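Following: one structure in structure tokens, then a few remarks.
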Amino acid sequence: MPADPPGSPALRASDAERDRIIDLLRTAIVEGRLDPVEFDERLDVALAARTVDELTPLITDLIAAPGSGGGALTLPFAGTPAEPAAELLTIKERHGSVRRDGRWTLPHRLALRTAWCEVLLDLTSAVRSAPELVIELRVSGGNVELVLAPGMVVNANELSVRHSMVAISRDAGDNTPETLHIRLVGRIRHGRLGTRWQAPRR
């Protein structure tokens with residue numbers, strides 16, 4: 001009797017797939033779907049996982065099937081096509097207004113080049129492509145407002161400020177586990193920069 005053919009080797013997990021799972025787990029604890037103990041256990045498994053088969057059980061009770069309309073999370077996972085993240089997104093405007101909101105894919109680095117503009121960057125429903133977003137500012141005049149979800153942490157230590165008003169809280173102040181680190185670099189002159197937190201849109 002012929003031997004059974006060998007099975008296909010397990011598909012190796014990429015760093016991007018592990019990062020997506022970890023991002024989903026962080027979102028789940030923010031929404032109360034996981035308690036801290038469950039989160040820590042699943043995070044340890046995700047960090048050590050070598051194959052997609054090891055990652056899948058970590059999220060099967062957290063995600064909804066496509067088109068199910070359920071309340072569970074529907075973040076992209078291995079094998080699910082998603083809008084690719086740009087390495088660099090540059091926004092340029094003079095004497096106008098800039099608004100980015102809704103569901104948009106965050107780049108790895110966002111360059112803001114504005115003069116005397118009203119700028120609103122709403123990240124509450126944005127798709128996160130990495131654990132860190134670098135926003136490089138070259139702003140002269142006008143206002144820049146960042147709208148953030150709990151779990152986002154802002155670091156402005158590398159931002160040069162002159163003749164400007166800056167009102168930045170590092171985090172939402174509610175001890176939410178960090179899901180996205182936002183690093184502000186570059187410079188702002190004769191302008192105003194502020195942050196505010198709100199719950200993600202449904």
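Annotations
- Single match in Ser129, Ser164, Ser160 (criterion: surrounded by fewer than 17 Cβ atoms within 10 Å (Cβ to Cβ) and hydroxyl-bearing (Ser, Thr, Tyr)): Ser160
- Residue among Leu24, Leu62, Leu58 that alone is aliphatic (A, V, I, L, M), in contact with a helix residue (DSSP H, G or I) (Cβ under 8 Å, 6 or more places away or on another chain) and at pLDDT 80 or above: Leu58
- Test: residue in the stretch 70-88 that is among the small types (Gly, Ala, Ser), farther than 30 Å from Leu110 by Cα and modelled with pLDDT under 55: yes
- Taking the stretch 139-187 as the range and being touching a helix residue (DSSP H, G or I) at 6+ places or on another chain (Cβ under 9 Å), on the phi < 0 side of the Ramachandran plot and part of a loop (DSSP other than H, G, I, E, B) as the test, the residues that pass are Ala149, Pro150, Thr176, Pro177, Glu178, Thr179.
- Selection from the stretch 27-44 of residues that are part of a helix (DSSP H, G or I) and charged (D, E, K, R): Glu38, Asp40, Glu41, Arg42, Asp44
- Residues within the stretch 83-118 that are assigned to a loop (DSSP other than H, G, I, E, B) and over 15 Å from the mean Cα position of the chain (by Cα), tallied: 2
The values are calculated or read from the model by the stated rules, or taken from the named source; none is laboratory data. Remember, predicted model here, so these are calculated numbers, not experimental data. In this analysis, Cβ positions are derived from the backbone assuming ideal geometry, glycine residues included, and neighbour counts consider all displayed protein chains.
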